[in-house]
Amino acid sequence: EKGGYDHFMLKEIYEQPSAILDTFRGRLLSNEAIIKMAGVEDNMKKFLAADRIIIVACGTSWHAGLVAEYIFEDLARIPVEVEYASEFRYRNPVITEKDIVIAISQSGETADTLAAIKLAKSKGAFVFGVCNVVGSTIARETDAGAYTHAGPEIGVASTKAFTTQITVLTLIALRLARAKGTMSSSEFRQHLIELETIPSKVEEALKSDAYVQTVAEIYKDSKNCLYLGRGYNFPVALEGALKLKEISYIHAEGYPAAEMKHGPIALIDEQMPVFVIATKMGHYEKVVSNIQEIKSRKGKIIGIVTKGDKSVKELADHVIEVPETLECLTPLLTTIPLQLLSYHIAVMLDKNVDQPRNLAKSVTVE
Ligand code: M6R
């Protein structure tokens, strides 16, 4: 059942090229330059009339929501707010009929996310679900939706659910961008063509596995780790830190790289590994200067960089390369080595990778 892998988590990490392909199969038609998604098409009027989109989710799905915030605002120019479902439901939030609420949930059973949906519906908002489990409660409770089609995710640590959620949300953002005219037809086509190359680029990113293992060996006994990113890769930093915490029990935090100087930089010393996502597209120079600040305080730097990178390589203790892609698609690649890293550290520390202590795969209580 683990298909020759030692753990479900590793199997699911390696399934990502085919899972992402399954997510856009039949939806992304690059020859015809169209995106076909019934749940979006049938409700296009509502999407186009929406004042804003509110995304509600928990954990890793919330991180996918944060990536979606950048994509929707950047490509489709729709204001987005991303909310922890548990906070949203108890905050007496301002919601109107002109809001669209997108709920993201792998299991489709998360209690807080479900309660947030019910609240939004009672205020008249249109609720759209992005779920993996077909026929799950959230999938049934929403007005419309799009499945991720990632296949069953057994490992408690979410991996392929995250990348396929981002894929679905990217497809929706692109479809809306086209409908709203915020993107030219050539830009749109370029995004479709590039999105189609992602499964093979994920495959290539997975080839860093052996090197990631050597990095894991070096840092596995750390007590703390920092993860930094900017823009599209800020949520990836949060996700990298969550992955390490939940399966290896090492304390880790994700930060927007520029926030370092507002406090966390005080933590830096020679004991502190800092994983920095520094891809060529988007804020590269700024991230490089953030790296310099860490280096001058003797922090250990592990850069996640674009293939062929030179500047970060000169500064960092280690670099892990991912293929080049459009900026908005980089999270689909940069997240791969961070998943592998947490996996290998947890295995080296002899932790229960697929069923970490104190956690359940679906959180059906609040
Ligand atoms: O099933 P959901 O996507 O609603 O679950 C949300 C979180 O409980 C989940 O993503 C959790 O954070 C994962 N264990 C993280 O790996």
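Could you bin all the Cα-Cα distances of the range 262-366 into 5 Å bins starting at 0 and give me the percent of pairs in each, rounded to whole numbers?
2, 11, 18, 17, 16, 15, 11, 7, 2, 0
Residue by residue, what Karplus-based ³J(HN,Hα) values in Hz, rounded to whole numbers, does the range 120-127 have, using 6.51, -1.76 and 1.60 with θ = phi - 60° and x for Gly and Pro?
For the range 120-127, the Karplus curve yields 4, 5, 5, 9, x, 6, 7, 10 Hz.
Using only the alpha-carbon atoms, how far is helix 160-180 inclined from the longest principal axis of the chain? Give it as 0 to 90 degrees, nearest 10.
Rounded to the nearest ten degrees, it is 50.
Before rounding to the nearest 500, sum -39500 (n - 2.57) across all DSSP H runs of length at least 4 in the chain and divide by the residue total; then give [θ] at 222 nm in deg cm²/dmol.
Calculated from helices alone, the mean residue ellipticity at 222 nm is -13500 deg cm²/dmol.
Using θ = phi - 60° and the Karplus relation 6.51 cos²θ - 1.76 cosθ + 1.60, list the HN-Hα couplings for the range 79-84 in order, rounded to whole Hz, with x at every Gly or Pro.
Per residue, the Karplus-derived 3J(HN,Hα) values read x, 10, 10, 10, 10, 5 Hz.
For the range 324-366, just run the numbers: alpha carbon Rg, then divide by 2.2 N^0.38 Å, N being how many residues it has.
1.60
So, for the range 22-163, what is the accessible surface per residue at a probe of 1.4 Å, expressed in square angstrom?
Dividing the accessible area of the range 22-163 by its residue count gives 39 Å².
Across the Cα atoms of the range 21-127, what radius of gyration and what greatest pairwise Cα-Cα distance (Dmax) are found, in Å?
In order Rg, Dmax, the Cα atoms of the range 21-127 give 14.3, 46 Å.
For Ile102, list long-range residues whose amide hydrogen, built 1.01 Å from N in the peptide plane, is under 5 Å from its own amide hydrogen.
Correct list: Ile54, Ile55, Val56, Phe128.
Take every Cα-Cα distance within the range 48-93, group them into 10 Å bins from 0 onward, and report for each bin the whole-number percent of pairs it holds.
Calculated over all Cα pairs of the range 48-93, the distribution is 29, 49, 21, 0 percent.
Carbon and sulfur together cover what percent of the accessible area of the chain at a 1.4 Å probe radius?
Answer for the chain: carbon and sulfur cover 49 percent of the accessible area.
Place the peptides 104-110, 128-134 in order of packing, highest mean first, counting for every residue the other Cβ atoms within 10 Å and averaging per peptide.
Answer by packing, highest mean first, reads 104-110, 128-134.
Taking Cα pairs under 8 Å and at least six residues apart, what relative contact order does the range 227-334 come out at, in percent?
Once normalised by length, the contact order is 25 percent.
When Rg is the radius of gyration of the Cα atoms in the range 180-276 and Rh is its Kirkwood radius, what does Rg/Rh come to?
For the range 180-276, the value is 1.10.
Heavy-atom accessible area per residue, the range 210-256, 1.4 Å probe: how many Å²? Please report the intermediate quantities before stating the final value.
Working: 1600 Å² over 47 residues.
That works out to 34 Å² per residue.
Would you please give the residues with an amide H less than 5 Å from that of Tyr227, counting only those at least 5 places away or on a separate chain, with H modeled from the backbone geometry?
Glu253, Gly254, Tyr255, Phe275
Evaluate the Debye formula for the chain with equal point scatterers sitting on the alpha carbons, no solvent, and hand back log10 of I(q)/I(0) at q = 0.07, 0.13 Å⁻¹, in q order, two decimals.
-0.28, -1.01
Which pairs in the list Lys286/Lys310; Lys261/Lys351; Lys180/Lys201; Lys223/Lys243; Lys243/Lys300 are over 24 Å apart, alpha-carbon to alpha-carbon?
Pairs exceeding 24 Å: Lys261/Lys351; Lys180/Lys201.
How do the peptides 303-312, 337-346 rank, highest first, by the average count of neighbouring beta carbon atoms within 10 Å per residue?
The peptides rank, most packed first, as 337-346, 303-312.
Restricting to Cα pairs below 8 Å that are 6+ residues apart, what does the relative contact order work out to for the range 26-175? Please round to a whole percent.
On the way: 272 pairs, mean separation 36.3, N = 150.
Rounded, it is 24 percent for the range 26-175.
Using +1 at the C-beta of Lys and Arg and -1 at the C-beta of Asp and Glu, which of Ser186, Asn233, Phe24 has the Cα lying farthest in the positive direction of the dipole of the chain?
Ser186
So for the range 8-103, if I pair up every lysine 8 or more residues apart or on another chain, how many of those pairs have alpha-carbons under 18 Å apart?
Working: Lys36/Lys45; Lys36/Lys46; Lys45/Lys98; Lys46/Lys98.
Going through the range 8-103 pair by pair, I get 4.
Students often forget the sequence filter, so: which aspartates and glutamates lie under 13 Å Cα-Cα from Lys295 once same-chain residues fewer than 8 apart are removed?
Asp269, Glu270, Glu314, Asp317
For the range 8-104, state which trypsin sites (Lys or Arg not before Pro) are in a DSSP loop and have at most 14 other beta carbons lying within 10 Å of their beta carbon. Write down the numbers at each step before the final one.
Numbers: sites: Lys11, Arg25, Arg27, Lys36, Lys45, Lys46, Arg52, Arg77, Arg89, Arg91, Lys98; in loops: Arg25, Arg27, Lys36, Arg77, Arg89, Arg91, Lys98.
Of the trypsin sites (Lys or Arg not before Pro), the ones in loops of the range 8-104 whose Cβ has at most 14 other Cβ atoms within 10 Å are Arg25, Lys36, Arg77, Arg91, Lys98.
Find the relative contact order for the chain and round it to a whole percent, using C-alpha pairs within less than 8 Å whose residues are 6+ positions apart.
19
The values are calculated or read from the model by the stated rules, or taken from the named source; none is laboratory data. None of these values were measured; they are calculated from a predicted model. All Cβ positions, even for glycine, are placed from backbone atoms using ideal geometry, and neighbour counts span all protein chains on display. Remember, those area values only see protein heavy atoms, side chains included, never the ligands or the DNA or RNA. Shrake-Rupley method; radii C 1.70, N 1.55, O 1.52, S 1.80 Å.
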